[in-house]
Every structure is written in C-alpha cells, then in structure tokens.
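Everything below concerns the one structure shown next.
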C-alpha cells in the first residue's frame with residue numbers, strides 16, 4: 001500500500017546580511033499526473049525564503065529578550081522550529097547559527113510517495129520539530 005509522506009521541497013541558506021547564499025529545489029510527487037515535479041517556481045521559492053526573514057528577526061529579538069527587560073540570554077540551540085505555514089501543503093522551518101547564517105527548509109506535507117509502509121507508523125499530518133534537526137545539522141556541516 002502506498003501513502004503520501006512529507007518531503008523537503010526547498011532548502012535555503014541565507015547569509016548574516018539577509019542575502020540568499022544558496023537555494024536548492026527538489027521535485028515533489030504530484031497526485032494528479034502521478035509524476036514528480038516542483039510545486040513552485042524558483043522565483044516563488046526565493047520569495048518564500050525572503051518572507052521568512054521577518055520571522056527570523058522577530059523570533060531572535062524575542063529570544064534575546066524574552067521577559068522584556070535587558071540582559072536576556074539567547075538560547076543555545078538555533079532551532080526556531082516552524083516559521084510559518086505557507087498554505088495547507090507547504091510549511092517553512094528555520095534554524096539560525098551563532099554566526100547569523102539562517103537555514104530554511106520548506107516541507108511539502110504531501111510530497112513523497114512511500115510504497116513500503118510498516119504497521120505501527122505514526123498517523124496524522126505534520127512534522128515534529130525534532131524531525132528536521134538532522135537536516136539542519138547536515139546543512140551546517142556541509
């Protein structure tokens with residue numbers, strides 16, 4: 001039995017000065033044509049990555065000063081989790097390094113056709129935040 005599972009459709013690296021350093025787009029499974037094709041154009045993914053910059057800024061400001069008083073400490077992990085749900089299909093997750101470089105993974109919740117499913121696999125839609133930590137760790141070491 002084949003099921004549709006979430007897959008990464010875009011990985012982006014954004015520099016400390018908010019300039020795009022790298023964008024990689026991966027094809028996603030299209031159920032209507034039964035083929036693999038990108039869900040957005042490169043320009044649309046570039047705009048989606050640019051849209052995450054405001055969220056990075058707002059969250060880093062909040063994490064640096066959580067109580068509203070000066071002297072707050074930044075969290076050790078740069079994992080910001082879900083940045084925003086773009087639509088019912090796409091969601092952007094983010095990670096910021098201590099040097100200010102930002103990593104963004106755009107996930108398609110209906111992205112990949114999995115033919116071999118095991119019984120006891122978790123049901124439901126969505127991803128847990130810790131499921132993308134290996135992706136960000138691999139991007140950081142690459």
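A Cβ distance below 6 Å, combined with a sequence gap of six or more or placement on separate chains, defines the contacts here; from the range 1-28, residues that are without any contact (Cβ under 8 Å) to a residue 60 or more places away in the chain and on the phi < 0 side of the Ramachandran plot reach residues that are surrounded by 13 or more Cβ atoms within 10 Å (Cβ to Cβ) and in a loop (DSSP other than H, G, I, E, B) in the pairs 25/38; 27/38.
Here is a check on your reading of the model: is residue 36 more than 15 Å from the chain's Cα centre (by Cα), buried (at least 18 other Cβ atoms within 10 Å of the Cβ) and not in a loop (DSSP other than H, G, I, E, B)? For residue 36, the condition - more than 15 Å from the chain's Cα centre (by Cα), buried (at least 18 other Cβ atoms within 10 Å of the Cβ) and not in a loop (DSSP other than H, G, I, E, B) - is not met. Of all residues in the range 64-82, one or more are modelled with pLDDT under 90, buried (at least 20 other Cβ atoms within 10 Å of the Cβ) and not in a loop (DSSP other than H, G, I, E, B). Within the range 53-63, the set of residues being surrounded by 14 or more Cβ atoms within 10 Å (Cβ to Cβ) and either at pLDDT 75 or above or touching a helix residue (DSSP H, G or I) at 6+ places or on another chain (Cβ under 6 Å) (or both) comprises 53, 55, 56, 59, 60. Selection within the range 85-142: residues that are more than 17 Å from residue 4 (Cβ to Cβ), more than 13 Å from the chain's Cα centre (by Cα) and not in a helix (DSSP H, G or I). The member of this set that is modelled with the highest pLDDT is 101.
The values are calculated or read from the model by the stated rules, or taken from the named source; none is laboratory data. Computed from a predicted structure; not experimentally measured. Note that we place each Cβ from the backbone using ideal geometry, even for glycine, and neighbour counts take in every protein chain shown.
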